[in-house]
(Lines give C-alpha, C1' and ligand atoms only; values in the text may rest on other atoms or scores of the structure.)
Protein backbone atom coordinates (compact mmCIF):
# COMPACT_ATOMS: atom_id res chain seq x y z
CA UNK A 1 0.00 0.00 0.00
CA UNK A 2 2.89 2.38 0.69
CA UNK A 3 4.05 1.88 -2.89
CA UNK A 4 0.70 2.97 -4.30
CA UNK A 5 0.52 6.01 -2.03
CA UNK A 6 4.04 7.12 -2.97
CA UNK A 7 3.37 6.72 -6.68
CA UNK A 8 0.14 8.71 -6.29
CA UNK A 9 1.91 11.55 -4.45
CA UNK A 10 4.69 11.73 -7.03
CA UNK A 11 2.16 11.80 -9.87
CA UNK A 12 0.18 14.56 -8.14
CA UNK A 13 3.37 16.62 -7.84
CA UNK A 14 4.19 16.03 -11.49
CA UNK A 15 0.70 16.85 -12.75
CA UNK A 16 0.38 19.98 -10.62
CA UNK A 17 3.77 21.20 -11.83
CA UNK A 18 2.78 20.65 -15.46
CA UNK A 19 -0.72 22.13 -15.17
CA UNK A 20 0.23 25.19 -13.14
CA UNK A 21 3.67 25.95 -14.56
CA UNK A 22 2.65 29.49 -15.48
CA UNK A 23 1.08 30.18 -12.08
CA UNK A 24 3.68 28.76 -9.69
CA UNK A 25 6.86 30.60 -8.83
CA UNK A 26 10.22 28.97 -9.49
CA UNK A 27 10.69 28.08 -5.80
CA UNK A 28 7.37 26.21 -5.65
CA UNK A 29 8.28 24.28 -8.81
CA UNK A 30 11.61 23.27 -7.25
CA UNK A 31 9.94 22.16 -4.02
CA UNK A 32 7.34 20.12 -5.93
CA UNK A 33 10.12 18.58 -8.02
CA UNK A 34 12.09 17.54 -4.95
CA UNK A 35 9.00 16.14 -3.21
CA UNK A 36 8.01 14.26 -6.36
CA UNK A 37 11.52 12.91 -6.83
CA UNK A 38 11.78 11.76 -3.23
CA UNK A 39 8.43 9.99 -3.24
CA UNK A 40 9.18 8.37 -6.60
CA UNK A 41 12.55 7.24 -5.21
CA UNK A 42 10.86 5.88 -2.10
CA UNK A 43 8.34 4.01 -4.25
CA UNK A 44 11.19 2.51 -6.30
CA UNK A 45 12.99 1.46 -3.11
CA UNK A 46 9.84 -0.23 -1.81
CA UNK A 47 9.39 -1.99 -5.16
CA UNK A 48 13.02 -3.20 -5.17
CA UNK A 49 12.65 -4.48 -1.62
CA UNK A 50 9.39 -6.28 -2.41
CA UNK A 51 10.87 -7.92 -5.51
CA UNK A 52 13.81 -9.09 -3.42
CA UNK A 53 11.41 -10.45 -0.82
CA UNK A 54 9.18 -12.23 -3.35
CA UNK A 55 11.90 -13.81 -5.47
CA UNK A 56 14.34 -14.62 -2.70
CA UNK A 57 17.06 -14.39 -5.34
CA UNK A 58 19.09 -11.88 -3.35
CA UNK A 59 19.13 -10.46 0.14
CA UNK A 60 16.76 -7.66 1.02
CA UNK A 61 18.53 -4.32 0.70
CA UNK A 62 18.29 -1.89 3.57
CA UNK A 63 15.39 0.41 2.82
CA UNK A 64 16.99 3.64 4.06
CA UNK A 65 20.08 3.34 1.85
CA UNK A 66 18.06 2.25 -1.16
CA UNK A 67 15.74 5.26 -0.79
CA UNK A 68 18.63 7.72 -1.04
CA UNK A 69 20.11 5.96 -4.07
CA UNK A 70 16.74 5.89 -5.86
CA UNK A 71 16.08 9.52 -4.89
CA UNK A 72 19.41 10.59 -6.37
CA UNK A 73 18.75 8.67 -9.59
CA UNK A 74 15.26 10.12 -10.02
CA UNK A 75 16.45 13.65 -9.21
CA UNK A 76 19.30 13.44 -11.74
CA UNK A 77 16.88 12.10 -14.37
CA UNK A 78 14.49 14.97 -13.63
CA UNK A 79 17.24 17.58 -13.94
CA UNK A 80 18.51 16.10 -17.22
CA UNK A 81 14.99 16.01 -18.62
CA UNK A 82 14.44 19.65 -17.63
CA UNK A 83 17.67 20.72 -19.30
CA UNK A 84 16.83 18.86 -22.50
CA UNK A 85 13.37 20.44 -22.58
CA UNK A 86 14.85 23.92 -22.12
CA UNK A 87 17.28 23.38 -25.01
CA UNK A 88 14.47 22.31 -27.32
CA UNK A 89 12.31 25.31 -26.43
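The values are calculated or read from the model by the stated rules, or taken from the named source; none is laboratory data. On a predicted model such as this, the values are computed, not experimentally measured, just so you know. Positions of Cβ are generated from backbone atoms using ideal geometry, with glycine treated the same way; all protein chains shown enter the neighbour counts.
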Subject >> Odd one out for residue 18, checked against (1) at pLDDT below 85; (2) part of a helix (DSSP H, G or I); (3) surrounded by 10 or more Cβ atoms within 10 Å (Cβ to Cβ) >> reply: (3)
Subject >> In the stretch 44-66, residue surrounded by the most Cβ atoms within 10 Å (Cβ to Cβ) [restricted to those that are assigned to a helix (DSSP H, G or I) and modelled with pLDDT under 80] >> reply: 66
Subject >> Search result, residues across the stretch 18-77 that are at positive phi and touching a residue at least 12 places away in the same chain (Cβ under 8 Å) >> reply: none
Subject >> Test for residue 82: is it at pLDDT 85 or above and in a helix (DSSP H, G or I) >> reply: no
Original post:
If we scan the stretch 33-41, do we find a residue that is over 11 Å from the mean Cα position of the chain (by Cα) and either modelled with pLDDT under 80 or part of a helix (DSSP H, G or I) (or both)?
Top reply: no
